[in-house]
Structures are given as C-alpha cells and as structure tokens.
Amino acid sequence: MNITDLHILELDNFTVAVNHDTAAILKYKGNAHDVTVPSHVDGAPVAMIDMGAFAGNRVLTSVTLPDTLRLIGVKAFYNCQSLCQVNIPDGVTQIGDDAFGFTALTNLILPDSVTSVGKEAFARSSLKTVVIGKGLIELGAKIFYFDNELETILVDGGNPNFCVKDGVLFNSDQSVLLQYPNRRPGAAYAIPETVTTIAQAAFAWNTGLKAVTIPDSIEIIGVDAFELSRLEEVTFSKHLRVIGDGAFAQCFKLGNVEFPNSLKMIGKAAFCHNLSMTKIYIPDSVVHIGNCAFQLCTGVTEVFIGRNIAHIGYKAFSGTTFNPNESHHMGLRSFTVLNRTVPIDVFTFDFNPHLTLYGYADNVTLKARAGSTMTFKAIPCNTVGVCQGHVSA
C-alpha cells in the first residue's frame with residue numbers, strides 16, 4: 001500500500017485504510033454475528049485484513065471474505081471464540097501468525113493460492129478437518145497446536161512441498177513429521193524410517209496415542225514434540241543425540257524410559273512433571289542436563305548419572321523430595337553421579353534429609369554441598385564396575 005496517498009475512512013463499523021489502488025480493513029467495531037467484508041471501499045479493492053482487525057470479538061460467528069483479498073494479517077481473527085465459519089478466498093496468498101487462534105472453526109480449506117501460513121495460525125481451535133491446496137510452500141510452527149478435535153488432514157496431490165501418509169502430515173520427502181492429528185485412530189505409532197526430524201509440538205496434547213517408536217533415522221527430538229500427550233511408553237532411536245526443551249513435559253503417564261548410549265543432551269524441562277517415572281538412568285554419553293529437566297517427577301526414587309556429565313541444570317531434579325504427609329510418596333532416595341568434577345547445586349534436588357548422595361570422595365564440591373542435609377557416601381576411587389543404583393569395586 002502506498003503510504004503517501006493513504007487516508008482513513010469510517011464505513012459501516014469498519015475502519016479502512018485506502019489509497020488509490022488498494023484498501024485494508026484496520027478494525028471492525030460492530031457486534032453482528034454474521035459479517036460480510038466489503039470487496040471495495042472508495043473504489044479500491046480490499047486486499048488486506050490488518051493485524052488484529054477482528055481480534056477479541058466474542059459474538060462473531062461467521063465471516064464472508066471478498067475475492068479481492070490477498071493477505072490475512074497477524075492475529076486478524078485471534079480469540080474470536082464463537083467464530084465457526086469463514087471462507088478463505090482463492091486469491092489469498094498469506095495468512096499471518098495466530099490469525100485464527102482461539103476460534104471455533106471446525107473445517108479449513110486452504111485454496112491453491114495460499115503459499116504461506118504463519119506460526120500457530122489455527123492453534124487452539126476446534127478444527128476437525130483440514131484441506132491443504134497445491135500452492136502451500138511455508139507452514140509455521142505449531143500451526144495446529146492444541147487442536148484436540150483434529151481428525152483428518154488432506155493435501156492436494158499436486159502440492160510439491162507437503163504430503164499425508166496414513167493420516168499424518170509430512171514434508172514432501174517425509175523427512176519431517178509435521179503434525180500427528182490428535183484424533184487419529186490407534187494407540188500405537190511407529191514413525192517411518194524416512195523421518196529425520198519431528199517438528200515442534202507435532203504430537204503435543206495427543207490424548208489417544210499410548211506408545212510411539214522413534215526410528216534410528218532420528219537424531220533430534222524437537223521442542224515440545226510430545227508435550228502434554230498421554231504417552232505411556234516410548235522407544236528411542238539408537239542414534240538419538242538431543243532431546244529438545246519440553247519434549248516430553250507433563251506426559252503424566254510416561255513410565256521409565258531407556259536412554260540410548262548415543263544421547264548427548266537432555267533439554268530444559270524435557271521430562272518435567274512426569275508422574276509415572278520411578279527410576280532415571282542417564283548413560284555415560286550424556287554431557288548436559290538442562291534446567292528443570294526432571295523437575296516434579298514425584299514418583300522418582302532413584303537417579304543415576306554417568307561419567308561424562310558436564311552440566312546438571314538448576315532444579316533439574318527438584319520437586320522429588322520426601323513428603324511425610326503423603327504415605328504413598330517415597331520421594332528421591334538415591335542420587336549417584338560418576339563425574340568427579342561436575343558441580344551439583346543444592347537446588348538440583350532440593351533439601352532432602354532422606355536422600356543418599358553417591359559420588360567420588362575427591363569431589364570436594366559435591367561432598368561439601370551434600371553437607372548436613374543428606375547422607376553422602378563416597379564411591380571408591382578405584383571403582384571399575386557400575387550398574388544402576390549400585391556401585392562395585
């Protein structure tokens with residue numbers, strides 16, 4: 001839009017910016033349930049719904065958009081919680097971040113003209129069915145985040161950038177798993193061997209999936225990948241190197257997991273608030289455990305960390321302390337660290353007089369910080385054999 005010729009008009013509850021060749025809807029100020037956006041204002045075609053133009057309208061239920069439209073802006077219809085029907089005209093090329101977040105939309109058709117959809121554009125909606133046209137090139141992160149009713153995703157066969165296999169959305173060569181629909185049938189899923197990347201929040205909030213197998217082709221599990229899902233078990237890739245921040249956060253039913261010997265890093269809050277874990281065994285390969293990685297895993301009684309750990313994050317194991325008011329809650333009792341030099345902050349696992357901390361006697365920092373708040377037992381410096389929860393000379 002040419003700013004030099006720009007002028008503002010008030011028309012039928014719309015605030016509109018107009019110049020000689022185009023117009024943009026800046027704000028809708030009415031309270032109608034059904035709204036038709038004009039195709040022309042002052043002779044200029046309406047090509048844009050501006051940032052937040054309808055945002056927060058709680059009474060709006062349906063919107064008819066004109067064929068002249070080319071751009072739907074950031075948060076254009078954000079938090080229109082009653083909005084259940086909208087047409088996206090063939091001609092729209094771009095949909096901004098959060099454009100339809102927190103709406104009641106149940107069906108979405110992206111026409112062939114749409115090339116770009118921003119992050120969380122349809123997150124926290126009521127979508128059940130999504131149809132993606134031929135032209136889509138760019139798909140933002142977490143686009144269908146917390147869409148708990150999503151059953152079906154379809155992609156036009158002529159789209160060179162995306163595809164669907166067994167109901168799951170991938171990029172064209174199936175190397176990136178983009179979205180696993182929450183309502184897809186089946187309690188178990190084996191990720192295809194073609195996949196190397198799990199996109200951010202791809203399985204987040206899933207309530208039906210109980211078991212997932214991650215193939216050896218995957219080295220990184222993305223941020224929030226399985227956050228708040230109902231997973232009960234996961235089989236990790238033998239080549240897994242990184243578990244991203246929040247990847248399995250608040251997976252309340254996820255039991256003990258076996259980390260592969262390839263693993264290098266566990267991100268911050270990666271397994272926080274997982275209530276079904278009882279033992280955590282970190283292999284020698286791991287060098288970094290992020291802040292709050294296992295915080296509030298209240299069922300854990302035993303932690304074992306291998307020789308090469310270089311960093312244990314702040315509050316990594318906090319919230320696992322003994323609670324005398326809960327008879328069923330044993331709390332963390334055994335914490336073993338085989339690295340001689342890694343500093344362990346007192347807030348790593350809170351103050352816990354019922355905890356026995358195992359470490360090397362020459363690790364002064366470790367011993368000093370154990371202090372009087374817990375029992376410290378030295379691992380002999382000639383230790384040659386170690387197994388989970390036990391040390392043998």
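The values are calculated or read from the model by the stated rules, or taken from the named source; none is laboratory data. Because the structure is a prediction, the values reported are computed rather than measured. Cβ placement follows ideal geometry from the backbone for every residue including glycine, while neighbour counts extend to all protein chains displayed. The protein model used for the area step is the full one, side chains on, heavy atoms only, and it has no ligands, DNA or RNA in it. Shrake-Rupley method; radii C 1.70, N 1.55, O 1.52, S 1.80 Å.
For the stretch 240-256, 3J(HN,Hα) computed residue by residue from phi via the Karplus equation (6.51, -1.76, 1.60; θ = phi - 60°) reads 5, 10, 9, 10, x, 4, x, 4, 10, 5, 6, 8, 4, 9, 6, x, 4 Hz, glycine and proline entered as x.
Near Glu151, once Lys and Arg are set to +1 and Asp and Glu to -1 for all other residues with Cβ below 11 Å from its Cβ, the sum equals +1.
Rounded to the nearest 20, the Cβ-based charge dipole of the stretch 80-207 about its Cα centre (Lys and Arg +1, Asp and Glu -1) stands at 240 debye.
Separation of the stretch 239-281 and the stretch 189-214, taken as the distance between their Cα centroids, equals 14 angstrom. With a Förster radius of 25 Å applied to the C-beta separation of Thr129 and Arg230, the computed FRET efficiency comes to 0.65.
Residues in the stretch 223-235 carry Karplus couplings, in order, of 4, 6, 3, 10, 3, 6, 8, 9, 4, 10, 8, 9, 10 Hz; the curve used is 6.51 cos²θ - 1.76 cosθ + 1.60 with θ = phi - 60°, and Gly or Pro positions show x.
Cys80 exposes around 0 Å² of accessible area when a 1.4 Å probe is run over every protein chain in place. Among Met51, Met265, the sequence by solvent-accessible area, most first, with a 1.4 Å probe is Met51, Met265. The largest accessible area among Glu258, Glu151 belongs to the first residue in Glu258, Glu151, and the rest follow in falling order (1.4 Å probe, all chains). Counting only protein heavy atoms and a 1.4 Å probe, the chain has 43 square angstrom of accessible area per residue.
Any of Lys119/Lys165; Lys27/Lys119; Lys210/Lys253; Lys27/Lys75; Lys268/Lys315 with alpha carbons more than 20 Å apart? Name them for me. Too far apart for the 20 Å limit: Lys119/Lys165; Lys27/Lys119. Electrostatic bookkeeping for Pro111 treats Lys and Arg as +1 and Asp and Glu as -1; over the other residues with beta carbon under 15 Å from its beta carbon, the sum is -2.
Taking Lys and Arg as +1 and Asp and Glu as -1, the other residues whose beta-carbon sits under 13 Å from that of Ile132 total -2. The HN-Hα couplings worked out from phi for the stretch 157-164 by the Karplus form 6.51 cos²θ - 1.76 cosθ + 1.60 (θ = phi - 60°) are x, x, 7, x, 10, 9, 8, 10 Hz, whole numbers, x standing for Gly and Pro. I'm spelling it out carefully: the read-out is Rg and Dmax of the Cα atoms in Å, the candidates are [x] 21.7, 71; [y] 22.8, 87; [z] 26.3, 87, and one was derived from this structure. Which label? Structure-derived value, by its label: [z].
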